[in-house]
Amino acid sequence: MTDAEELMCRALEESELARFHAPPNPWVGALVVDQHGAVVAAGHTQVPGDAHAEVVALRRAGERARGATLIVTLEPCSHHGRTGPCTDAIVAAGVARVEVGVLDPDHRVSGAGVAALRAAGVDVAVGVEASAVSECLAPYLWHRATGRPFVVLKVAATLDGAVAMSDGSSQWITGEAARRDAHVLRARSQAIIVGAGTVRRDDPRLTARLGDVVLEPLRVVLGVAPPSAHVRPCWERSGDLGAVLDELGAAGVLQVLVEGGPSTASAFLEAGLVNRIVWYVAPALAGSVGTRGALSELGTTTIGALRRGRLVEVRAIGEDVRIEVEV
């Protein structure tokens, strides 16, 4: 790995510090590197309306930014929004070179940031660790390209795919470590979708509990939630799932987590609306008599119709296994 790639990886680590609070803005990381290759400042995106990563890093660097290199995961903005253009701040700081992970597909940027920097005499390189940056920013890039949120389907099942036993019980199939990881998935999502049946059966809160911190993503119920349900206040929607995603995208939701039961999971997969699956597998067997399968309502008539995906990651998590698949 080159020095530039290592620095971009460090900028990606910095960007993760903004993952929970930056949306609907992208979570971006930036580093200021002096002429000797030393990192003199780092910054990440603040809450919407506050400073972007580049500005945070430049402020921390001060005069040390003059003649330095700025490493930034996403193309700097060049337009006026709730904050001023980052390109103006970069030029004013006297930065000599900017290394960018990926271009910003937002129509207000989309190459204009790089063009503005080059026009001001700043040396710019684009595509440093582009694959890793694109993976990190996948929900944002998808949203800006399609107008819809990036859809993550989460399933927790036994080794043979059961999500509920014959008596209806389902808690807890997976262990504590997997459940903690699922709360991180919730925290990274701005909305959670479940079916009304899951709400009636389990009465979930659908909050993201990270130690002492409790986050409350938008709760979306497909159908009608009981008046006393813990998910309230929530959106109640029915009909075309694509239209629901369009509405969520217009509201600034970058990632949605589908946590519904077999009906909801099957419906999203059948409609081809899932980007990622995160499947937690418990080393337990339930059998098929009376149990509910995770995708029991998804039909596949022939081997050629299998819904195949790309394996992203497989790792042990506590006593369970976490499998992530790109659909």
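Scaled to the globular estimate 2.2 N^0.38 Å, the Cα spread of region 73-128, given as radius of gyration, is 1.00. Shape class for region 238-288, computed from the alpha carbon gyration tensor (a ≥ b ≥ c): prolate, with a/c not under 1.5 and a/b above b/c.
The H on the amide N of L210, modeled in the peptide plane, is under 5 Å from the matching H of L215, each at least 5 residues off or on a different chain.
Tell me, what % of the accessible area of the chain is carbon and sulfur with a 1.4 angstrom probe? The computed percentage sits at 52. Under a Gaussian network description of the chain, with springs only between Cα atoms under 10 Å, the residue in I303, I173, I90 that fluctuates furthest is I303.
Report the paramagnetic label zone for A132: residues of region 71-107 whose backbone N is under 16 Å from a point 7 Å from Cα along the Cα-to-Cβ axis. Under cut-off, by backbone N: 71-74, 99-102. For region 111-169, the equivalent ellipsoid built from the Cα gyration tensor has semi-axes of 45, 13, 6 Å, listed from largest to smallest. Shown in residue order for region 19-34 are the 3J(HN,Hα) couplings computed by the Karplus curve 6.51 cos²θ - 1.76 cosθ + 1.60 at θ = phi - 60°: 4, 7, 10, 6, x, x, 7, x, 8, 10, x, 9, 10, 9, 10, 6 Hz (x for Gly and Pro). Averaged per residue, the chain has 46 square angstrom of accessible surface, using a 1.4 angstrom probe with ligands and nucleic acids left out. Restricting the trypsin sites (Lys or Arg not before Pro) of region 166-222 to loop positions (DSSP other than H, G, I, E, B) with no more than 13 neighbouring Cβ atoms within 10 Å leaves R205.
State whether region 196-248 is rounded, prolate or oblate according to the following rule on the C-alpha gyration tensor (a ≥ b ≥ c being the square roots of its eigenvalues): a/c under 1.5 gives rounded; otherwise a/b larger than b/c gives prolate, and the remaining case gives oblate. Note, shape of region 196-248 comes out oblate.
If R0 is taken as 45 Å, the Cβ-Cβ distance between W172 and D34 corresponds to a FRET efficiency of 0.30.
When S78, S228 are compared by accessible area at a 1.4 angstrom probe, the order from most to least is S228, S78. The GNM of the chain, with springs linking C-alpha atoms under 10 angstrom apart, assigns the highest mean-square fluctuation among V289, V126, V312 to V289. Of all DSSP bridge pairs formed entirely within the chain, close to 45 percent run antiparallel. With only Cα atoms counted, region 119-218 has Rg and Dmax values of 18.9, 69 Å.
Relative to the compact-globule estimate of 2.2 N^0.38 Å, the Cα radius of gyration of region 171-278 comes out at 1.02. On full extension, the segment bounded by I303 and A125 gains 59.5 nm, given 0.36 nm per residue less the C-alpha separation.
Each residue of region 211-225 in order: what ³J(HN,Hα) in whole Hz does its phi give by Karplus 6.51 cos²θ - 1.76 cosθ + 1.60, θ = phi - 60°, with x for Gly and Pro? My calculation for region 211-225 gives x, 7, 9, 10, 9, 10, x, 4, 9, 10, 10, 7, x, 10, 8 Hz in order. Relative to the compact-globule estimate of 2.2 N^0.38 Å, the Cα radius of gyration of region 1-88 comes out at 1.02. Over the chain, the Kirkwood radius and the radius of gyration, each from Cα atoms, give a ratio Rg/Rh of 1.03. Between region 248-319 and region 69-135, the C-alpha centres lie 37 angstrom from each other. Based on C-alpha pairs under 8 angstrom that are at least 6 apart in sequence, the chain has a relative contact order of 15 percent.
The values are calculated or read from the model by the stated rules, or taken from the named source; none is laboratory data. Model, not experiment: these values are computed from the prediction. Positions of Cβ are backbone-derived with ideal geometry, glycine not excepted, and every protein chain shown enters the neighbour counts. Each accessible area value is taken on the protein alone, full model and side chains, heavy atoms only, with ligands, DNA and RNA left out. Shrake-Rupley method; radii C 1.70, N 1.55, O 1.52, S 1.80 Å.
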